[in-house]
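Here is the structure we will look at, set down as structure tokens.
The values are calculated or read from the model by the stated rules, or taken from the named source; none is laboratory data. Just so we're clear, the structure is a prediction, and the values are computed from it rather than from any experiment. Counting neighbours? That spans all protein chains shown, and the Cβs are built from the backbone with ideal geometry, glycine included.
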Amino acid sequence: MTKIHTQNAPDIRVVKPHFLFGAVSFAVAVVLMLSAQTELFLPHYHNKILAIVHVNLLGWAMMLVYGSLYQLVPVVFETKLFSETLAKITFWITGISVFLMAYSFWTGRLADALVGSAVMMYSGLFLFVINIGLTYRNATIKNIKNFFIIAAIFWLFFAQTEGLLMALNFKYNFLEANNLYHLKIHATAGLVGFFIQMIFGVGTTLIPMFLVSHQHSEKPLKPSFALLNAGLLSITLSWLYFPDRIILTSGWTMILLSVLLYVKFVYDAYRQRFKRKLDEGMQPTMLIFILVFLPVIFGILLLWQDNPHAPLALTLTSLLLFSMIFGVINLIILGQTYKTIPFIIWLERYQPYVGKYQIPLPKEVYNARLALWQYRLYLVFFFLFMWAIFFKNEALLRTALYILAAVAIGYNFNMLKMFFHKPVLKPLEKKRYKKTAESGSAV
């Protein structure tokens, strides 16, 4: 089982703002979805859909990845973060650019405000890459777990480069292919190259640790990593230089095989687990390794559509996009929120009192029952939402969005409960205290 190197952990003030910003962004994304409603039935490149997607992915998902990675660097790289000051600067640049970008998309100001927000976002990413890159250089252990994370950051850098070029193209119109062509490259690099690969990389450490699995095999990880990146490279080169359906199909096939191998790793860890009952954090985490096949299926169906602008192709694209975001990325965030953040808060509040007082467990700093119902409601939202998009049903869509709003309220309530948690200390039991005292005297 992986040990957590807390002596290398950064100051809590580096990490906490990322999680709070993420919770607010989740709520903002839901408000925007409620405001848009039937516009969600429009093609995926509609301005308001792009605003919602970017607030969700950059404001909630990516910001939580940044915060989590700063905290998990001691686990995965076994070294201290290179610069906490750089991390704080990155947070402010990224946070401001997220809402400026959302405003740009929502209002259709693509030739002015979007350019400024894209430049800011890219600058924040550049600082993040420098910070993690220099941290990795000092890593004491370099293995396949690190490679997933470094490769994910590379694909994020590539995805945001594409995003910056598209933003500049709205103003200067210098790209040979139109922005819609580059949008699929940008989305694939971001969703699969960064988010899926980051989930795989962090999951190689956290999933066995939270399942308390000791005997699982890590053999599937290397071929999974190689196939995922080979598939992404094939798809990207094909789209950029030599469009060919066979190459694209081969690329997506490699990605599918990569996912299958990683799921095998997760299943082995699950089967070998010591902790038999899954809690409110691990239930959604395990489920995403089933739901991850949904976007793969939609992607394969989309490959064989001759006209990407036909109604069926546009619907499949929307289903692929939403199943990836809401069925995989958001769901694992909902789960891992209750595995990582409570532990971070617990360390801050209670580590000085260990052995001196009776202290609560990390799961006691939030409402576990609310977290479980939040997860169940989210599943109801997800399936209603996917049916609504497929059938273009307004009543189903409204119902799904109201359920999502309830989930967002519960999520933010639990987040605030954790961050404003006050230590609850009780005296040690007498027998336990006496035994501890005798041990101390013997020493």
| field | Whichever residue in segment 1-20 is more than 13 Å from TYR70 (Cβ to Cβ) and either touching a Cys at 6+ places or on another chain (Cβ under 7 Å) or not β-branched (Val, Ile, Thr) (or both) and, among such residues, is modelled with the highest pLDDT | value | LEU20
| said: So, VAL65, is that one of a type outside the set (D, E, K, R), buried (at least 17 other Cβ atoms within 10 Å of the Cβ), at pLDDT 95 or above and part of a helix (DSSP H, G or I) or not? | reply: no
| request: Would you mind stating whether PHE289 is modelled with pLDDT under 95, buried (at least 20 other Cβ atoms within 10 Å of the Cβ), within 30 Å of ILE255 (Cα to Cα) and of a type in the set (Phe, Trp, Tyr)? | output: yes
| said: Every residue in segment 30-48 that is in a helix (DSSP H, G or I), free of Cβ contacts under 8 Å to residues at least 40 places away in the same chain and touching a helix residue (DSSP H, G or I) at 6+ places or on another chain (Cβ under 7 Å), please. | reply: ALA36, GLU39
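Look through ILE141, ILE185 and report the one residue that is among the β-branched types (Val, Ile, Thr), over 23 Å from the mean Cα position of the chain (by Cα) and farther than 22 Å from ILE288 by Cβ.
Result: ILE141 is the single residue among ILE141, ILE185 that is among the β-branched types (Val, Ile, Thr), over 23 Å from the mean Cα position of the chain (by Cα) and farther than 22 Å from ILE288 by Cβ.
Restricting to segment 403-425, what's the tally of residues that are over 30 Å from GLU348 (Cα atoms) and touching a residue at least 60 places away in the same chain (Cβ under 8 Å)? Please lay out each step first, then the result.
The first filter runs over segment 403-425 and keeps only residues over 30 Å from GLU348 (Cα atoms), leaving 403-405.
Now narrow it down to the ones that are touching a residue at least 60 places away in the same chain (Cβ under 8 Å): 404-405.
Residues meeting the conditions: 2.
For segment 246-257, state whether one or more residues are among the small types (Gly, Ala, Ser), modelled with pLDDT of 90 or more and surrounded by fewer than 19 Cβ atoms within 10 Å (Cβ to Cβ).
Yes: segment 246-257 contains one or more residues that are among the small types (Gly, Ala, Ser), modelled with pLDDT of 90 or more and surrounded by fewer than 19 Cβ atoms within 10 Å (Cβ to Cβ).
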| remark: Considering residues that are assigned to a loop (DSSP other than H, G, I, E, B) and under 17 Å from ALA23 (Cα atoms), the number found within segment 338-373 is 2
| Has segment 203-221 got any residue that is closer than 17 Å to ASN146 by Cβ, under 20 Å from the mean Cα position of the chain (by Cα), buried (at least 16 other Cβ atoms within 10 Å of the Cβ) and at pLDDT 95 or above? | yes
| Of all the residues that make up segment 414-423, how many are within 15 Å of ASN367 (Cα to Cα) and either buried (at least 16 other Cβ atoms within 10 Å of the Cβ) or in contact with a Phe, Trp or Tyr (Cβ under 9 Å, 6 or more places away or on another chain) (or both)? | 6
| task | Take the residues in segment 166-204 that are among the charged types (D, E, K, R) and assigned to a helix (DSSP H, G or I), then tell me which one is nearest to PHE242 (Cα to Cα). | result | LYS184
| query | Which condition number in (1) in contact (Cβ under 8 Å) with a residue 24 or more places away in the chain; (2) over 30 Å from LEU183 (Cβ atoms) is the one that LYS277 fails? | reply | (1)
| Has segment 133-142 got at least one residue that is at pLDDT below 95, over 22 Å from VAL24 (Cβ atoms) and crowded, with 17+ Cβ neighbours inside 10 Å? | yes
| task | Could you tell me which residue of segment 393-404 is nearest to VAL365 (Cα to Cα), considering only residues that are surrounded by fewer than 16 Cβ atoms within 10 Å (Cβ to Cβ) and not basic (Lys, Arg)? | result | TYR402
| query | Quick one: ARG109 ticks every box in (1) touching a residue at least 24 places away in the same chain (Cβ under 8 Å); (2) closer than 27 Å to MET33 by Cα; (3) outside any helix (DSSP H, G or I) bar one, so which box is it? | reply | (1)
| field | ASN330 being in a helix (DSSP H, G or I) and either among the polar types (S, T, N, Q) or surrounded by fewer than 17 Cβ atoms within 10 Å (Cβ to Cβ) (or both) | value | yes
| field | Residue list for segment 229-255, filter: touching a Leu at 6+ places or on another chain (Cβ under 9 Å) and in contact (Cβ under 8 Å) with a residue 24 or more places away in the chain | value | GLY231, ILE235, TRP239, ARG245, LEU248, THR249, TRP252, MET254, ILE255
| What number goes with the only condition from (1) farther than 20 Å from HIS186 by Cα; (2) crowded, with 24+ Cβ neighbours inside 10 Å; (3) of a type in the set (Val, Ile, Thr) that VAL98 does not pass? | (1)
| message | Can you confirm whether TYR45 is over 30 Å from ASN146 (Cα atoms) and at pLDDT 95 or above? | response | no
